[in-house]
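The values are calculated or read from the model by the stated rules, or taken from the named source; none is laboratory data. Small disclaimer: the values here were computed from a predicted structure and weren't measured. Cβ atoms come from the backbone with ideal geometry, glycine included; neighbour counts cover every protein chain shown. To get the accessible areas, we keep the full protein, side chains included, count just its heavy atoms, and leave off ligands, DNA and RNA. Shrake-Rupley method; radii C 1.70, N 1.55, O 1.52, S 1.80 Å.
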Amino acid sequence: MVTVIDMTGNKNSNADASSSNTGPNDGSDMDRQWEDFLASHEGDLNDVARSRSARKFDKAARKAEKKAQFDVNDLKDDAFATPSYGRGPRDFQGRSWLDTDDVMDGDSTFTPPNPDLGPVNRAAALFVGMTTVGVLCLVASILVPSVSALLGSVGGVLTLLGAGGMFLRHRGHSETRRDEFDDGARV
């Protein structure tokens with residue numbers, strides 16, 4: 001005997017023909033089976049509900065509900081409709097950063113910095129010059145062996161005097177501090 005079982009119904013298709021399901025939409029037997037399952041495993045389910053993991057999950061779920069949800073009003077209008085000219089990495093005028101000359105020649109308000117070093121201290125310039133000439137003399141003494149004694153002596157003295165003078169002139173890093181709590185950091 002061949003039994004044809006409808007596979008589209010919401011029932012156990014592996015059950016035999018004597019199954020208690022009377023039709024695909026009859027859920028009374030499933031409800032009764034679910035209640036029987038809950039009754040037979042009530043102790044285990046209560047243990048799980050009182051477990052530490054369940055409490056942590058409940059706490060996390062309550063926290064997630066309280067957390068502000070993402071709202072469409074949080075987005076800017078251009079998130080939905082991008083401008084027709086596109087976007088560059090640093091501006092919204094549709095120009096590439098590679099077109100710097102065109103941007104600078106245009107109506108840009110950018111003003112390049114004009115650093116002013118102020119008056120150069122003559123003593124500092126003298127010590128830097130002495131150190132530079134001393135190091136150059138030491139290098140030349142290695143490359144030119146015939147005058148290495150003279151260049152080595154002059155280069156050594158100039159390097160020592162120049163570096164020593166720069167070291168003695170150095171006032172530390174505290175000259176810009178305004179009080180004892182100022183750590184010297186500047187923005």
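Label separation (A49 vs V139): 8.4 nm, computed from points 7 Å beyond Cα along the C-beta direction.
The gain in end-to-end length when the K76 to M166 segment is fully stretched comes to 26.7 nm, 0.36 nm per residue minus the alpha carbon separation.
Could you calculate the contour length gain from D58 to M30, that is, 0.36 nm times the residue separation minus the distance between their Cα atoms, to one decimal place in nm?
Values: separation 28, 0.36 × 28 = 10.08 nm, distance 2.85 nm.
Answer, rounded to one decimal: 7.2 nm.
Extension gain, D183-D116: 0.36 nm per intervening residue step, less the Cα-Cα distance, totals 21.6 nm.
Got a number for carbon plus sulfur as a percent of region 122-170's accessible area, 1.4 Å probe? So the carbon and sulfur contribution to the accessible surface is 82 percent.
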